[in-house]
Each structure stands twice: as structure tokens, then as C-alpha cells.
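Engineer: After the C-alpha cells below, expect a handful of questions from me.
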Amino acid sequence: MSTNPVVPTITLNSGAEIPQIGFGVFQVPNDETEAAVSAALEAGYRSIDTAAIYGNEEGVGHAIAASGIAREELFITSKLWNTDQGAGTAAGFESSLEKLGLEWLDLYLIHWPAPANDRYLDTWTAFEEIKASGRSRSIGVSNFLPEHLDRLVALGGTVPAVNQIELHPGLQQADTVAWNRAHGVATEAWSPLAQGSMLANPVVVSLADKLERTPAQVILRWHLQQGRIVIPKSVTPARIAQNLDVFSFELGDTDIAAITALELPGAAGRIGPTPAEFNG
């Protein structure tokens with residue numbers, strides 16, 4: 001009898017339902033990806049997030065094929081890299097599908113706005129064609145700021161289903177989260193644990209001790225109770241399972257406020273590139 005947790009879903013503006021917690025494979029080498037994703041699927045994850053630039057779509061695909069899990073039970077996300085934006089969009093999408101060994105994606109994202117290249121509007125039009133074909137059930141963006149999102153929705157077409165952004169206690173991006181909420185766009189946090197940099201924070205450790213949970217579980221719970229989607233990453237089976245075991249406890253309002261107060265000033269908490277400047 002399975003003891004896998006029941007993961008809540010969030011209904012996207014496309015009508016699709018995405019599990020609120022998924023498994024990320026950023027910086028996982030391709031030759032380690034199959035084992036990591038297989039461990040995640042065994043633990044109960046049904047949402048897997050990869051990207052062309054990660055170089056591990058094949059490993060993800062091998063794990064999916066070996067799992068025996070029906071395709072309809074999975075939610076698979078990939079992302080178009082910056083150099084494929086514009087005229088290369090269709091070919092980039094086909095390459096991802098081929099490497100994953102899939103006929104369709106659940107979510108396809110523009111990985112970065114790459115504003116100096118200024119191809120994300122043409123790319124979005126190509127994304128709408130992909131969605132219309134049924135080969136990606138939902139389309140969205142990653143690392144988009146309000147200034148990029150305003151231009152995109154001004155096209156008058158599809159509003160992104162998801163905006164996946166760097167978001168953790170040290171960097172909370174309140175303006176972007178507010179824009180997403182106002183426009184019906186789901187916020188998905190990448191690096192939700194700040195690549196581990198927040199796990200030794202005394203406030204987090206104290207809450208973990210009080211709740212008899214791991215620091216990672218406390219931070220993930222902080223995200224979930226604010227309605228965000230999260231995609232933590234680990235290659236350790238025990239931690240993979242622990243990160244999914246976050247539905248049997250709750251943080252109080254003061255606990256949430258204590259973690260929220262950990263945000264660093266300005267961009268001091270940012271781990272990844274700055275979306276307004278990064279062009280890949």
C-alpha cells in the first residue's frame with residue numbers, strides 16, 4: 001500500500017492542474033538525472049521541471065519511460081533557451097520533446113526574457129501556436145519582471161499560465177508576485193530553498209526544532225501556505241522524500257511572518273542572474 005502524500009494542485013488559467021510541489025533538476029548531470037527523477041517519482045512526485053539548457057532532458061525522459069506511470073498522471077515542464085528564441089522556437093520545442101521522448105508537454109516556458117535580444121514577443125506568438133496545436137497544454141514564462149510581462153500581455157493574446165521566478169526567504173520579489181496575482185498568473189518558485197543558503201538561518205532552525213521538522217520542510221511550507229508552486233531539487237533519496245513530506249503540519253501566522261522578515265535588502269539575496277540584464 002502506497003504511503004505517498006497527496007499533493008494539492010493549483011488550477012492554472014489554462015484550466016490545467018499543476019501539483020503544488022514538483023521536482024527540479026537544475027544542475028543535475030544527465031547521467032545522474034534518471035536515478036534522481038526515478039527516486040522522486042517513487043516518493044510520489046508527479047511534476048518534473050527541466051529545461052533545454054540543463055542538458056538533462058534525456059535523463060528525465062528515461063526515468064519517465066521506466067516508471068510505468070501513465071503519461072496523463074504526470075506534469076512535465078521544459079523551457080526554451082535564449083538562443084532559440086524567435087525563429088528557433090519551433091525547433092527548440094521539437095528538440096525538447098525528442099530528448100524527453102514525449103508527444104506533448106504540460107507546460108512550456110520562455111526561460112528568460114533576454115531583453116537586449118528583444119525576441120520574447122515573437123517567441124510568445126510561436127508559443128501560442130504550440131499551445132493551439134495541443135503539444136503543450138499550457139504555456140508560460142520564467143524570470144519575467146512586470147516590465148516584460150506588461151509588453152507581453154499588451155499583445156492581447158494568451159496570458160501566461162505560470163511565471164517561474166527565483167523566490168525564497170532571501171529574495172521575495174513582491175512586485176512580480178503582485179503582478180502575477182493581479183493577472184491570474186501562477187507564481188512558481190525556483191531555488192525555493194535558496195540553494196541551501198537559508199537552511200542554517202537561526203530563525204529557520206528554531207522553527208524547525210519547534211515543529212520537529214527539517215529546515216527545508218519549514219521553508220517549503222512557508223511557500224505553500226502562500227499559494228506558490230515550488231520545485232525543490234535534491235539527488236539524495238531521503239531528502240527528496242522529506243521535501244515532499246510537507247502536508248501534515250502548518251506554520252502559524254507569526255511563523256510565516258518570521259520567515260518573511262528574513263528578506264535581504266535590494267538584490268542582496270539574489271542567487272541567479274538579474275532578469276533585466278541577463279541575455280545568455
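The values are calculated or read from the model by the stated rules, or taken from the named source; none is laboratory data. From a predicted model like this one, the values you see are computed outputs, not experimental measurements. Every residue, glycine among them, receives a Cβ derived from its backbone with ideal geometry; neighbour counts consider all protein chains shown.
Engineer: In region 188-206, what residues are at positive phi, part of a loop (DSSP other than H, G, I, E, B) and surrounded by fewer than 22 Cβ atoms within 10 Å (Cβ to Cβ)? Quick ask: steps written out before the conclusion?
Structural biologist: At the first step, the residues of region 188-206 found to be at positive phi are 191, 194-196.
Among the residues that remain, those that are also part of a loop (DSSP other than H, G, I, E, B) are: 191.
Hits for region 188-206: nothing passes.
Engineer: Surrounded by 15 or more Cβ atoms within 10 Å (Cβ to Cβ) and modelled with pLDDT of 95 or more: which single residue out of Thr254, Thr274, Thr236, Thr214 fits that description? Spell out how you get there, then give the answer.
Structural biologist: Values: Thr254 fails: surrounded by 15 or more Cβ atoms within 10 Å (Cβ to Cβ); Thr274 fails: surrounded by 15 or more Cβ atoms within 10 Å (Cβ to Cβ); Thr236 fails: surrounded by 15 or more Cβ atoms within 10 Å (Cβ to Cβ).
Going through Thr254, Thr274, Thr236, Thr214 in turn, the sole match is Thr214.
Engineer: What are the residue pairs meeting all of these: first residue in region 73-94, first residue without any contact (Cβ under 8 Å) to a residue 12 or more places away in the chain, second residue surrounded by fewer than 23 Cβ atoms within 10 Å (Cβ to Cβ) and of a type outside the set (D, E, K, R), Cβ atoms under 8 Å, and 6 or more apart or on different chains?
Structural biologist: Short answer, once both residue conditions are applied: none.
Engineer: Return the residue satisfying two criteria in turn: it lies in region 18-41 and is surrounded by fewer than 19 Cβ atoms within 10 Å (Cβ to Cβ) and touching a residue at least 60 places away in the same chain (Cβ under 8 Å), and of such residues it is nearest to Arg228 (Cα to Cα).
Structural biologist: Here the residue is Phe26.
Engineer: Another question about this same structure. Is there any pair with a first residue in region 107-122 that is basic (Lys, Arg) and a second that is part of a loop (DSSP other than H, G, I, E, B) whose Cβ atoms are under 6 Å apart and which are 6 or more apart or on different chains, and what are they?
Structural biologist: The qualifying pairs are Arg119/Gln85.
Engineer: Specify which of the listed residues (Ile48, Ile69, Ile76, Ile64) is among the aliphatic types (A, V, I, L, M), closer than 24 Å to Gly134 by Cα and touching an Asp or Glu at 6+ places or on another chain (Cβ under 9 Å).
Structural biologist: Values: Ile48 fails: touching an Asp or Glu at 6+ places or on another chain (Cβ under 9 Å); Ile69 fails: touching an Asp or Glu at 6+ places or on another chain (Cβ under 9 Å); Ile64 fails: touching an Asp or Glu at 6+ places or on another chain (Cβ under 9 Å).
Matching residue, one of Ile48, Ile69, Ile76, Ile64: Ile76.
Engineer: Please work out if Ile53 is in contact (Cβ under 8 Å) with a residue 12 or more places away in the chain, on the phi < 0 side of the Ramachandran plot and crowded, with 24+ Cβ neighbours inside 10 Å. Break it down into steps so the answer makes sense when it comes.
Structural biologist: Values: in contact (Cβ under 8 Å) with a residue 12 or more places away in the chain: yes; on the phi < 0 side of the Ramachandran plot: yes; crowded, with 24+ Cβ neighbours inside 10 Å: no.
Against the criterion (in contact (Cβ under 8 Å) with a residue 12 or more places away in the chain, on the phi < 0 side of the Ramachandran plot and crowded, with 24+ Cβ neighbours inside 10 Å), Ile53 does not qualify.
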